[in-house]
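Below: one structure, written as structure tokens.
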Amino acid sequence: MMRIRRYLRGSGRVLAFVFIASVIWLLLDMAALRMSMDDVNSQLLKERVIRDREISKQQRGTQLVKQGFKNPVQRVDFAVTRAGKGPLSSSIKLAHVYRHGGQKAGHQGGHLPKADEPKHVASEHKEGHYNVALKQDGPAKKKAVDLDLNGMKSETSRGMDVIIKRTLPVVVSNTTQVPPVVHKNKHGKKGPIHSEPKVETVTEVSVLKPVEAHPVKTTTKLIQKDGKGKVVDDTASVHKVISLDLTNVPRDANAMGQFGQAALVASNEDAEVKKRWNEGHFNVFLSDKIPVDRAVPDTRPEMCAQHLVHDNLPSTSVIFCFVDEVWSTLLRSVHSVLNRSPPHLLTEIILVDDFSTKDYLKEQLDTYMSQFPKVRIIRLKERQGLIRARLTGAAVAKGEVLTFLDSHIECNVGWLEPLLERVYLDRKKVPCPVIEVISDKDMSYLLVDNFQRGVFKWPLVFGWSALPEEYIRKNNMTVSDPIRCPVMAGGLFSIDKKYFFELGTYDPGLDVWGGENMEISFKIWMCGGEIEIIPCSRVGHIFRGQNPYKFPKDRQKTVERNLARVAEVWLDEYKDLFYGHGYHHLRDRKAINIGNLTDQIELRKKLKCKSFQWYLDNVYPDMKPPLVQAEGLVFNRGLRKCLTLQKGSLSFDTCDLSSQSQHFNYTWMRHVRQQDLCIAPHGNGSGFALQLCDNAVPEHRWLHKSSNSALADHLIAEYASKRMCLEAGPKGDTLHLNSCESRNAFQKWEFTKYHTQ
Ligand code: UDP
Ligand code: MN
């Protein structure tokens, strides 16, 4: 003993100190290494996504999935690429990627994977980004780690490196994947059963490094571009966008669908997949197996993480309305908001239950959500439809900004601040995130192309279209700049609450689903606001081929009625294009009651909103819709003369382009008209008359250049039970109706100019 004590004196003491210090150093080093590995893994994921993007860009020329509008209009360069899998060549159709496409035909989507579609091997998801990077053999592994360590360093120095916090390997409970069983806890209060560790209120838990909890403040000049490329310069206090992903339970890297990877079902589970498909019109069976707080790849353009946003952004109420939403997707939506929104900017989450019928959405949902103080549930006493359900949420919201989301989404990291920043800069800006695709079949998180914006085609069919190249060049746009968006997709956007009410909210007369995105878009633009897509804000959404819920009335009639309300209030003279492109039957007011529009028309006057012509010229100038189908002289082939209207009577004359009396229009309402006068059959059906044009009078409509090619040049009276064609008398002294003959040149008519659309 004495010897030891002696030994510890003098040089011995120094040795002991060195030994203890080394042990402490070693322990610290191990801890640091463990932390680094977490960051490395998240960085690996990011690198992989970026690499995939590069590959997909290179392959784009040949393998781009060209997606287009469904009939009746075609076009659009819409590409969907699959995270970790290159461009998607499977059956994702634009119908899955756009809302309110008029006819959401069952045949288009909602399809189950076919037996002959290639199946991914069952173990694939286990070799996701995460494990592949760590488990690959020597050189590959080293290379990857070196690369990512560099990446990590620079990330750290930017002060925003927590993207995905996870520890390897931890098995997370499965309880989050299925509806929790309700039981009584010791206080007699009902609560969900969780395996340990118990899930706590996420917003109160921080696994952040200090740097995220206290964002780096700076007074650096904030230079941002507005939608028109104008530079907004501001010197207020700002910080780098917070890229949170808070989880209080470490994530299981091997869980199904983790990191947005495709999840797979064994072939013997196909029947189960099919059985449950209709519950949500996507792979519900699989969704229930994926963690409700899974990580998704950070798909933002690289520079987004560097963007500065103001410290004093307004906070938001997030409003989800839902009807019979699938349990796991509803929970994943809520968790993604809780986990990835800076808590101080999230006032609350309002769940508006639009009179769901499913039992699990009642007490069980209350119980589950009771662990999150910020979540409020509002239950409607009867089915209102998404428009009025959202309005109910808006009416009780306490946040300065309203953020509407669909109930089957996953918000990506850093999604919220870029949206709020835009509202902060201008309260009349209505920002939308980029809507990415969560595959309805394998639940993978898919990337979408840059520079996409929401547009419409006639008859008010929503779709996506890339910004014209020239516009991008002219405005010197980068992939992270806000994109002016003529029409929002509908489901996801933020709006200043006061402004939303000033605008008169949505037209509350719209029922169930459909057309409300057109309505709010026209209203915003025409009444002084702006809609933007914010590339630094990204939210995944499951696009379904069919609405999984019932419509209280006929689905098609509901959508048509909504669209007709929008057309009547907002389209001015262009409403003819809406009716003329497939909704002729709606012109007959007796066939459909679109309800009272007085309030909406008054509102438009009160807000002094601009014309639809202004909207087309300024917001969607690349559309340039012609107001008529054809115009100019009306030439009769047999007679080789032109129709002329003089002193209230029709006759034929030598064709003369400069003569106004020979100018007629063939309108979208299928009128052959000069000013207010329409040519109409008359008497017993063989004569004709000039009448004041009336949209509701079927006798005023003529088919011309219709798909029937044999009679394409004819003017066919639409009203007659038998097909009758307009015919010129051989001497040019009569104009009458006759049985249609495809070769009769006196029944063939030609306008000077046809507008194809
Ligand atoms: N929704 C609702 N009531 C309805 C119809 C829809 O609350 O009568 C909700 C629905 O659950 C979803 C949102 O409104 O959260 C948008 O509907 P959906 O996802 O069907 O629209 P899509 O994305 O297919 O256009
Ligand atoms: Mn949806």
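Return yes when Arg544 is in contact (Cβ under 8 Å) with a residue 40 or more places away in the chain, part of a helix (DSSP H, G or I) and not polar (S, T, N, Q) and no when it is not.
Criteria not met by Arg544.
Can you report the number of residues in the range 491-532 which are within 16 Å of ligand 2 (Cβ to nearest atom) and in a loop (DSSP other than H, G, I, E, B)?
Final tally of qualifying residues: 5.
Please specify each residue of the range 654-667 satisfying the condition of being modelled with pLDDT of 95 or more, touching a strand residue (DSSP E or B) at 6+ places or on another chain (Cβ under 8 Å) and not in a loop (DSSP other than H, G, I, E, B).
Ser661, Gln662, Phe664, Asn665, Tyr666
Would you call Tyr549 away from ligand 1 (no atom under 16 Å from the Cβ) and among the hydroxyl-bearing types (Ser, Thr, Tyr)? Give the derivation first.
Working: away from ligand 1 (no atom under 16 Å from the Cβ): no; among the hydroxyl-bearing types (Ser, Thr, Tyr): yes.
Taking the combined requirement at face value, the residue does not satisfy it.
Scan (1) within 16 Å of ligand 2 (Cβ to nearest atom); (2) over 29 Å from Leu419 (Cβ atoms); (3) in a strand (DSSP E or B) for the single condition Phe551 breaks and write down its number.
Only one criterion in (1) within 16 Å of ligand 2 (Cβ to nearest atom); (2) over 29 Å from Leu419 (Cβ atoms); (3) in a strand (DSSP E or B) is unmet by Phe551, namely (3).
Provide a single number: the residues in the range 398-440 that are part of a loop (DSSP other than H, G, I, E, B) and either small (Gly, Ala, Ser) or more than 16 Å from ligand 1 (Cβ to nearest atom) (or both).
12
Does Ile542 qualify as being away from ligand 2 (no atom under 16 Å from the Cβ) and at pLDDT 95 or above?
In short, no.
Tell me yes or no: at least one residue of the range 465-479 is assigned to a strand (DSSP E or B) and away from ligand 2 (no atom under 16 Å from the Cβ).
Among the residues of the range 465-479, at least one is assigned to a strand (DSSP E or B) and away from ligand 2 (no atom under 16 Å from the Cβ), which makes the answer yes.
Whether any residue in the range 523-530 is within 14 Å of ligand 1 (Cβ to nearest atom), surrounded by fewer than 20 Cβ atoms within 10 Å (Cβ to Cβ) and either of a type in the set (Val, Ile, Thr) or over 30 Å from Ser336 (Cβ atoms) (or both) is what I want to check.
no
If you go through the range 343-364, how many residues are part of a loop (DSSP other than H, G, I, E, B) and touching a helix residue (DSSP H, G or I) at 6+ places or on another chain (Cβ under 7 Å)?
1
Out of Leu425, Leu402, Leu419, Leu460, which single residue is within 15 Å of the chain's Cα centre (by Cα) and in contact (Cβ under 8 Å) with a residue 24 or more places away in the chain?
Of Leu425, Leu402, Leu419, Leu460, the one residue that is within 15 Å of the chain's Cα centre (by Cα) and in contact (Cβ under 8 Å) with a residue 24 or more places away in the chain is Leu419.
Taking only pairs six or more apart or across chains, which ones have beta-carbon atoms under 8 Å, a first residue in the range 734-757 that is assigned to a loop (DSSP other than H, G, I, E, B), and a second residue that is modelled with pLDDT of 95 or more and surrounded by fewer than 16 Cβ atoms within 10 Å (Cβ to Cβ)?
The qualifying pairs are Lys748/Arg637.
Away from ligand 1 (no atom under 15 Å from the Cβ), surrounded by fewer than 20 Cβ atoms within 10 Å (Cβ to Cβ) and free of Cβ contacts under 8 Å to residues at least 60 places away in the same chain: which single residue out of Glu469, Glu382 fits that description?
Glu469
The values are calculated or read from the model by the stated rules, or taken from the named source; none is laboratory data. Since the structure is predicted, the reported quantities are computational estimates derived from the model, not experimental observations. Cβ atoms come from the backbone with ideal geometry, glycine included; neighbour counts cover every protein chain shown.
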